[in-house]
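The values are calculated or read from the model by the stated rules, or taken from the named source; none is laboratory data. This structure is a prediction, so every number in the text was calculated from the model and none was measured. Every residue, glycine among them, receives a Cβ derived from its backbone with ideal geometry; neighbour counts consider all protein chains shown. Accessible surface is based on the protein model in full, side chains and every heavy atom, while ligands, DNA and RNA are left aside. Shrake-Rupley method; radii C 1.70, N 1.55, O 1.52, S 1.80 Å.
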Amino acid sequence: KWPTMGLVVVIFALCAYLIFPWIVMLVLEEVWDSGLHKDEKMVSASSMTGGILLGGGFIALSILYLVKDSLKLPLSSLGLRAAPLTNLLPVVLLYALFFFPLALLALLWMQLLEVLGYEPMAQEVVKMFMDALERGNLLEISLMVFNAVILAPLWEELIFRGLFFGYLKSRMPVLPALLFSSLVFAAYHFNLAALLPLLIVGIAAGYVYERTRSLYFAIFFHALFNGLSMAIQFISAGS
């Protein structure tokens, strides 16, 4: 069972991830003078990569330090433990069965929002990726793929599954802990059109983590999801 002070670490991580990477992005944008898209309120891909890499990395290292030295818990409490590679095939099969029903659910969710009078909008990072595809900017495309397939799964799984879900399930049954941590994960993307799909993604990643007992497989599942999503966007842009 996690100590009560674990809640302080959880709150710190959630608040820091909400703010710190964006501060680093804006600072880098000013330092590099890389051309802030003033009309769209978007930073460049290079500044975004730097913000996620440095900001998210700082938060991740802080979590590891606080859990081990302040809470006196082993890093395995965050799911940072080895697990048999035989888990890899079931994770891939789960993903294969999971993706297309999720895509259908996402379409139905957007149609429901439209019926309710809400115009679904793509996430800002998706707009940036599509813009880079349209312009054929290989550097920006590579940076966006690196962010989505490597950095986001690493930081978000550590924060939302390893830390947040780990703390909650030490205080309550697994199912409500999984649902609540997944809902917060989805809400952190600040996009109503993506809320329900990302809630399901969070539940699936949490299920993978709970079944394998290793955060590495949840990270792999998250990377698979983001990678295939970007591949579909790439194909759509090409067509």
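Descriptive notes on the structure:
- Helices meeting the span-like rule in the chain (full DSSP H runs, Cα extent of at least 18 Å along the helix axis, mean Kyte-Doolittle score of 0.0 or higher): 6-32, 45-65, 88-115, 174-187, 192-212, 215-238.
- Approximate shape of the stretch 120-197 as ellipsoid semi-axes (Cα gyration tensor, √5λ), whole Å, largest first: 31, 15, 6
- Alpha-carbon Debye profile of the chain, log10 I(q)/I(0) at 0.11, 0.16 Å⁻¹: -0.60, -1.25
- The stretch 59-189: Cα Rg divided by the 2.2 N^0.38 Å rule of thumb: 1.30
- Pair-distance profile P(r), taking every C-alpha pair of the stretch 61-119, with 5 angstrom steps and integer %: 4, 14, 11, 9, 9, 11, 13, 13, 11, 5, 0
- For the stretch 110-220, the relative contact order comes to 26 percent (Cα pairs under 8 Å, sequence separation of at least 6).
- Kirkwood hydrodynamic radius over Cα pairs of the stretch 135-239, then Stokes diffusion coefficient at 10 °C and 1.306 mPa s, in µm²/s: 110
- Note on the chain: lysine pairs with Cα distance below 19 Å, sequence gap of 8 or more or different chains, count 7.
- Dimensionless Rg over Rh [the stretch 1-141; C-alpha; Kirkwood]: 1.05
- Rolling a 1.4 Å probe over the protein chains gives Leu61 an accessible area of about 120 Å².
- Of the peptides 13-20, 217-224, 145-152, the order by per-residue mean of other Cβ atoms within 10 Å, starting with the highest, comes out as 217-224, 145-152, 13-20.
- Between the amide H of Leu80 and those of Leu215, distances stay under 5 Å, these residues lying 5 or more places away or on another chain, with hydrogens modeled in the peptide plane.
- Relative contact order of the stretch 1-153, taken over Cα pairs closer than 8 Å and 6 or more residues apart, is 23 percent.
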